[in-house]
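Student: Attaching a single structure in structure tokens format; questions to follow.
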Amino acid sequence: MTGPGPAPVLAAWPGLLEPALGYALAVVQAITPEVLPRPTPCQGWDVRMLLRHASESLVALHEGIDAGRVGLRPAPDDPAGDPAQIFRDRAGRLLAAWPDGREEIIAIADRQLTLGALIGVGALELAVHGTLATCLLDISPLLVPRTGRHPLFGPPVTVPPQAIPSDQLVAYLGRDPG
């Protein structure tokens, strides 16, 4: 992998979240209770853990859009609840709170982030697929730098230059696309 190219204009980032969310919702539709214990490309994670993590991300995005701030601790899930349904419910709430084009500053503890950048982070979190991955490859170095990645991300994994965009993105995030 040679690495992602130059970043697109920050104003374009919000346009990445809706397709990422749509793709994620389509994938989650196929998740049954039998699938939940299956492993994911993230070492030590199963589908249930991944869904809960993605749901927490949706809560953070919703909070940023709706309240202009993101807390450091997400609202807890019902541990007995269906993680796929929880994800779908939270995705619906996020879409209902969709921003009206304003660009504001979102507070995250003692840091600040533009709403557009927050939405870019959400898109990166939610989707690693096809042509969307190509756009996300462009912004991933700004959101996940090559240094200071641990413990959330491992070092980039080498993939062949002809690897599809989703494999390149997964590899940049420190996961083995195989």
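FYI, it's all coordinate maths here, none of it is from the lab. Remember, predicted model here, so these are calculated numbers, not experimental data. All Cβ positions, glycine included, derive from the backbone under ideal geometry; neighbour counts span all protein chains shown.
Student: So how do 147-157, 17-27 stack up, highest first, on mean other-Cβ count within 10 Å?
Tutor: So the peptides 147-157, 17-27, ranked by packing, come out 17-27, 147-157.
Student: May I pose another question? Using a 7 Å offset from Cα along Cα-Cβ at Val35, what residues in the range 51-68 end up with backbone N under 16 Å from the label point?
Tutor: 51-55
Student: Same structure again: Would you mind computing, in nm to one decimal, how far apart the modelled labels at Ala163 and Arg93 are, each placed 7 Å from Cα along Cα→Cβ?
Tutor: 3.5
Student: Using 7 Å Cα-to-Cβ label points, what is the Ala109/Leu142 separation (nm, one decimal)?
Tutor: Taking the simple label geometry, Ala109 and Leu142 are separated by 2.2 nm.
Student: Which cross-chain or sequence-distant (5 or more) residues have an amide H under 5 Å from the amide H of Thr114, H modelled 1.01 Å from N in plane?
Tutor: HN-HN under 5 Å from Thr114: Ile106.
Student: Explain nothing, just compute: Karplus ³J(HN,Hα) = 6.51 cos²θ - 1.76 cosθ + 1.60, θ = phi - 60°, for every residue of the range 53-63 in order, whole Hz, x for Gly and Pro.
Tutor: Going residue by residue, I get 5, 5, 5, 4, 5, 5, 4, 5, 4, 4, 4 Hz, with x marking Gly and Pro.
Student: Let me ask something else. Restricting attention to the range 62-97, which trypsin sites (Lys or Arg not before Pro) occupy a DSSP loop and are surrounded by at most 13 other Cβ atoms within 10 Å?
Tutor: none
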